[in-house]
Structure formats: structure tokens, C-alpha cells
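S.K.: Sharing a structure here in C-alpha cells format.
The values are calculated or read from the model by the stated rules, or taken from the named source; none is laboratory data. Keep in mind that what you see is a predicted model, and the values were worked out from it rather than measured. Quick reminder, even Gly has a Cβ in these numbers, built from the backbone with ideal geometry, and neighbours come from all protein chains shown. Surface accessibility is based on the protein's heavy atoms, side chains included, excluding ligands, DNA and RNA. Shrake-Rupley method; radii C 1.70, N 1.55, O 1.52, S 1.80 Å.
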Amino acid sequence: MIEDDLRAAFGRHEPLTPPTGPLRAAIDRLAARRRQRRRRWQAGGVALAVLGVLGVGVPLFTPERAGTPPTADLIGASDRPLATGAVTVLLLGIDSRGSAPPLADSVLLLHLPADRSRPYLISLPRDLKAPIPGHGTDKLNAAFAFGAGLGSTDLAKGYELTRQTVANLTGVRIDTGVVLTYSALRSLTNEVGGVPVCLPEQVRSAHTRRVFPAACQRLDGAAAVDLLRQRYGLPEGSQDRDRNARIFATALVRSASDQGLLTNPVRLSKLLSAVGPDLAVSPGEATMLDLMRLVPTLRSLEPVGLSLPANESTGPSHHLEADPKLAPEFLTALREDRLGDWVGRHPKLVDGAR
């Protein structure tokens, strides 16, 4: 009797049950959007790391080191709204060989304009004459060594003193910063299968005697590190090295994009695993998670390579001095987020336009 009553009750209510087809379809659509968003955030994180590989690379750095590569869940954990204005990241490439405090071989700014058109990679010459807080006036790259300390290698303090020096020198707000060593750059280059680089002039290695011809060539990790260390024998010394670094960075981004690496979850995971142990986030108003979420909003990942206009000093110090005419105009354009206009007026100062 009870069994018959239950069957009758189910029979009466079954027509009231909504069809499962539309609900299942809605769930599938939501899951697909989430998977797509996660892949986009992952790709953005790697793209930012790739864009940061300038003079000697750049895993993101801070006293709080990340033990594992960022995952989609971690990347999506930031609930802060996306930045709508320009964002500027300080990129430091260091050579940490030996016991001496490391110098910043490359000091660069990654500028993402408010219109999110494309990134700008800006070299600040390592030999640029600059006031260093608490240490008088010296070459810009000395700020990292002064901060790290003569008796230690405190990378966090080295980064912070360099950040203060660059902020004072340029008048630009630094949202966050990154540091990478040669070993991480070597791994990243090998993981993408080498990088095709077209050099405008021959470079002969002072370390290995290898000759890099004035032509297009594919560099593996060891060759890339060798090239990016070279400044002796180049017509403009460290400025030519900075130019070669920007050429390499642009080629690396282009190679990764052409291979579809940023949208291939398997290769992306492998790449993150290779550089993950060196990945960490610097202190600042923007975190790595925030920056990762910004990259997919860029209309182009093809960087514009620039350098702060500078002239060789006439004194015995061999410092570089900011060009008295072009540098103030350039820095004003950077501070006011008008680099696109500046590039339009000075196309010969853009990498690839020479």
C-alpha cells in the first residue's frame, strides 16, 4: 500500500520537474568559460615572464619566494579589479657568479600603456651617471651592489635600492619589479627550442671566442647567455649589449607566440616547471597575479624596444650622461604615458628602425 502511494506521488510530481538538458548545457558552458579563462591567465603569466627576459632574463623576485610555479587557481585568486592605467615594471638582470656583490648587468623598464596597445621595453644604460640614495653619484648598475652589501648578497636590498634610484632618476612610479639570473635564462631559452635572433653587427665573445655573425641565427640557452654577456669590443659597449638584449627579448616573445606555446597547456606546464623554482613576486602596489591578468588585455605582445637617450661622458669616469635634449622629452612621454607619440616622432631610435 505504502509502495503504491509512493509511486503515485512520484507520478504526480514528475511532470513538474524541469528538463535536465538546458541545465546541463548551462553547466557545460560555465565550465568551458572557466577552462578558457584559466588557460588565458596561465598564458598571460608566461607571456609576462617572457617579456621580462631582457638583458639576462627575469624571474620575478622578492623576499617571499614562490616554491612552485603559479597555477590557474592561484592566478585566479586575486579579487582586485584590473588596473586601468599605465603599469611600469622594473626588470633587473644580474650575473651572480663569484663571491662579489652582483651588479645589475641590465636595468630595464617594461611599460604597459593604459590603452593596452603593446608593451614597451626600455633600457636604462647600466653605465648611466645617477644619484644613488646614500651613496653619492655612481654608475646606475652600482646601486644593486650597494644595496646587496659588500659582505653579503642580499638581493632584496639590492633590488630595493635600485628601484629607489630608478624612480628618482625617471620620476616614474614603479609598480613592481623582477630579477633573473643567467641560469634561468638558459633554461627558458632551451625550453622554447632556441630563439632565432637577427643581429645588425658581428659580436665576438670575449669569454668563449665564439663569433655571432651579423645575420639571423638560432641561439640555444648557452649561446644566448654568451651573447648577452658581451659588451667589450662592441662599438658602443654596454649600449650595444642593451640593444642586443632587446632584440633577443623581442625574438623570444615572437618565437613563443609563433609556436603557439602560450596556448598549449602541455608545453606551458613544462615551461612553468622549468623556470618555476626561480619565480617569485616583488613587493609593490601590483602583484605578479595582477600583472598576469593584465597581459591578455594587450592587443599585441610584440614589444617596442627603446633606450633612454644618452651620450658618452667626456670625463675620465666613462659614465654615460642622459642626452640633455632628448632624454627629458623621452622621460616626460614615459611619465605621461605618451610613448606612442614619442616613437612616432623619433622612429630611428626604435629597435629595428636603424
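S.K.: Out of contact with any helix residue (DSSP H, G or I) (no Cβ under 7 Å at 6 or more places or on another chain) and polar (S, T, N, Q) - does that describe any residue in the range 239-246?
M.R.: yes
S.K.: Return yes when Arg204 is open to solvent by 20 Å² or more (accessible area, probe 1.4 Å), under 22 Å from Asp351 (Cβ atoms), modelled with pLDDT under 90 and of a type in the set (Lys, Arg) and no when it is not.
M.R.: So Arg204 does not fit the description; no.
S.K.: Counting only residues that are more than 22 Å from Arg231 (Cβ to Cβ) and at pLDDT 90 or above, which one in the range 175-201 is least open to solvent (accessible area, probe 1.4 Å)?
M.R.: Top of the filtered list is Gly194.
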